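Comments concern the structure below.
The values are calculated or read from the model by the stated rules, or taken from the named source; none is laboratory data. What you see is a predicted model, and the numbers here were worked out from it, not measured in a lab. A quick note on method: Cβ atoms are made from the backbone with ideal geometry, for glycine too, and the neighbour counts reach across all protein chains shown. Heads up: the accessible areas ignore ligands, DNA and RNA and are worked out on the full protein's heavy atoms, side chains in. Shrake-Rupley method; radii C 1.70, N 1.55, O 1.52, S 1.80 Å.
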Amino acid sequence: MFEKLFYFPFKVSSESLIKNMKPVKVILLATHNRDKVREISLKLNNYDITVKSLLDFPDAPEIVEDGDTLEANAVKKAEAGFKITGLPTIADDTGLEVKALIGAPGVYSSRYAGENVTYADNRRKLLHEMTNVPDNERSAVFRTVAAFKTAEYINIVEGQCEGYITREERGEGGFGYDPVFYIPDYKQTFAEMPLELKNKISHRGEAMDKIVEVIEKYFNKTSHP
Ligand code: ITT
């Protein structure tokens, strides 16, 4: 009786089922930063990849960012994320390097104004430090180092974006230093442009374009033939 109810009208071999099964592609973003999750998820939108972040793993231990370089921190976050979840993991570490401040805040961008500060505190300090810097000496570069860690390897890429530090905040979008980072080609700060455009031209966008190539190769190799 039971068998009859669940009778398949046509015969499907388990082999063909497996062959036609779409492999589930899941990656972890080793971050708690919702703004980064939004940007990177948008970037990976077209790739049929399910993106998780550490926000989905509330019991995950904190990863301390104590490296002296962006690369050291990106590697540390990617390795820790992979160890915690077993998922192929992306991590990025980003710094704003201001020429007039000899590369500061750089790797210390998140704590420029001190521990446990807000994005706004950091921007305020930056604008204050640059009060006497003339317009033609306000160049800066955003640098991102991103790492992709799997069971087999770790791949490291970089992206950067050049711009200028404004004298006051402009725009409501983006996050972090976006309202004070001006891109002359677009006559806008990152906070004034749509996220799609920031993602196309930004430091993180460039790094993610490179990481996507690595991820595609990774999933093509490990997916069903
Ligand atoms: P995770 O380490 O959890 O990924 P985080 O906020 O600490 O998140 P980073 O160390 O990579 O991120 O970045 C340091 C700071 O640089 C960050 O707190 C922001 O203030 C700033 N920042 C990073 N990416 C930015 C971007 O695209 N636009 C503006 N500011 C950014």
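Protein heavy-atom surface of region 27-168, 1.4 angstrom probe: 47% of the accessible area is carbon and sulfur, with nucleic acids and ligands not counted. Between region 59-89 and region 122-196, how many Å separate their Cα centres? Taking the Cα centre of each part, region 59-89 and region 122-196 sit 23 Å apart. Summarising the strand pairing of the chain, around 80 percent of its internal DSSP beta bridges are antiparallel.
Comparing Met130, Val24, Gln160 along the charge dipole axis of region 9-223, the residue lying farthest to the positive side is Val24, per the Cβ-charge model.
Here the Karplus relation 6.51 cos²θ - 1.76 cosθ + 1.60, evaluated at θ = phi - 60°, turns the backbone of region 107-123 into coupling constants of 5, 9, 4, 6, 10, 4, 8, x, 6, 6, 9, 8, 3, 4, 4, 5, 5 Hz, with x for every Gly and Pro. Here each label is just a point 7 Å from Cα along the line to Cβ, and for Ala151 and Leu55 those points are 2.9 nm apart.
Rounded to the nearest 20, the Cβ-based charge dipole of the chain about its Cα centre (Lys and Arg +1, Asp and Glu -1) stands at 760 debye.
Remark: for residue pairs Lys36/Lys149; Lys83/Lys221; Lys83/Lys125; Lys52/Lys221, the C-alpha separation exceeds 25 Å in Lys83/Lys125. Computed from phi, the 3J(HN,Hα) profile of region 167-182 under the Karplus parametrisation 6.51, -1.76, 1.60 (θ = phi - 60°) reads 9, 8, 6, 9, x, 10, x, x, 7, x, 8, 3, x, 10, 10, 9 Hz, with x in place of Gly and Pro. Using a simple spin-label model with pseudo-atoms 7 Å out from Cα toward Cβ, Glu137 and Ile102 lie 1.4 nm apart.
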